[in-house]
1. Kindly provide the set of residues from region 1-46 that are within 18 Å of L106 (Cβ to Cβ) and in a loop (DSSP other than H, G, I, E, B), ordered by number.
2. Restricting to region 15-49, name every residue that is open to solvent by less than 20 Å² (accessible area, probe 1.4 Å), charged (D, E, K, R) and touching a helix residue (DSSP H, G or I) at 6+ places or on another chain (Cβ under 6 Å).
3. Quickly run through region 164-183 and pick out the residues that are over 24 Å from V7 (Cα atoms), open to solvent by less than 70 Å² (accessible area, probe 1.4 Å) and at pLDDT below 95.
4. Contact list please: Cβ distance under 6 Å, first residue in region 189-205 and among the aromatic types (F, W, Y), second residue buried (at least 17 other Cβ atoms within 10 Å of the Cβ) and at pLDDT 95 or above, pairs at least six apart or on different chains.
5. Considering region 135-162 alone, what residues qualify as being touching a residue at least 24 places away in the same chain (Cβ under 8 Å), charged (D, E, K, R) and either open to solvent by 70 Å² or more (accessible area, probe 1.4 Å) or in a strand (DSSP E or B) (or both)?
6. The conditions are (1) within 18 Å of the chain's Cα centre (by Cα); (2) closer than 24 Å to P183 by Cβ; (3) open to solvent by 20 Å² or more (accessible area, probe 1.4 Å); (4) at pLDDT 80 or above, and L64 fails exactly one of them. Which is it?
7. Which residues, taken from region 89-100, are open to solvent by 10 Å² or more (accessible area, probe 1.4 Å) and either at pLDDT 95 or above or hydrophobic (A, V, I, L, M, F, W, C) (or both)?
8. Quick one: what pairs do we get from region 30-55, first residue closer than 17 Å to I204 by Cα, second open to solvent by 60 Å² or more (accessible area, probe 1.4 Å) and at pLDDT 90 or above, C-beta under 6 Å, 6+ apart or different chains?
Amino acid sequence: MAALDRVKVLVLGDSGVGKSSLVHLLCQNQVLGNPSWTVGCSVDVRIHDYKEGTPEEKTYYTELWDVGGSVGSASSVKSTRAVFYNSVNGIILVHDLTNKKSSQNLYRWSLEALNRDVVPTGVLVTNGDYDREQFADNQIPLLVIGTKLDQIPEAKRNEVLTRTAFLAEDFNAEEINLDCTNPRYLAAGSSNAVKLSRFFDKVIEKRYFLRDGNQIPGFSDRKRFGGGTLKNLHYD
């Protein structure tokens, strides 16, 4: 069987928001029984059928790079993570729906990964205001995923989801909210599954099919595994 083409997708967010559980669910279609803190970066692979059910259908590897979630602002912390940010084709921003600070920190995570915070800009979110112009020319597909939906009381759920909808709008991204301990949130045919598939299609399309001069640099398979701490690399 010929080797499959692949794309690189970062999974970013604060420690404890459930990135590792999410990646395991996406790649293995199983709940992660014993989540642990990610040190460095953990890489797993999901098989995705681009434009499934059409004549253009083709299978790709989507590599999900779960980057350790320390939010330290020291340059040493950022430079340690910088090795994982090269040749990115897509970014999944993960936040805990029960933790508003983790939602606000997504702005910082995204700017760090997109190399937009070379000069410190201080607080990125003030009283809910945010400068969307910082992402006006971004060509990398983004997806916002909120976790721990099951932990929000029904009485507060509408308020929380309204707030996070504005967050996704700021990033010009689709939004998925789920409970990583319940696979039914990503069941085939569900709205979440459709959004996820659409996101991966967009990532692949921009990597392999865009020809208008804005194509995102490709991911060199062999080079990326030389630096940083990688684990859990699966191709099954």
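The values are calculated or read from the model by the stated rules, or taken from the named source; none is laboratory data. Owing to the predicted nature of the structure, the values given are computational and were not obtained by experimental measurement. Every residue, glycine among them, receives a Cβ derived from its backbone with ideal geometry; neighbour counts consider all protein chains shown. Please note that ligands, DNA and RNA were not included when accessible areas were found on the heavy atoms of the full protein model with its side chains. Shrake-Rupley method; radii C 1.70, N 1.55, O 1.52, S 1.80 Å.
1. Scanning region 1-46 gives G13, D14, S15, G16, V17, G18, T38.
2. D44 - this is the single residue of region 15-49 that is open to solvent by less than 20 Å² (accessible area, probe 1.4 Å), charged (D, E, K, R) and touching a helix residue (DSSP H, G or I) at 6+ places or on another chain (Cβ under 6 Å).
3. Result: T164, A165, L167, D170.
4. F199/L143; F200/H48; F200/T62
5. D150
6. Single failed check for L64: (3).
7. Residues of region 89-100 open to solvent by 10 Å² or more (accessible area, probe 1.4 Å): 96, 98-100.
D96, T98, N99 - these are the residues of region 89-100 that are open to solvent by 10 Å² or more (accessible area, probe 1.4 Å) and either at pLDDT 95 or above or hydrophobic (A, V, I, L, M, F, W, C) (or both).
8. D49/E57; Y50/K58; K51/E57
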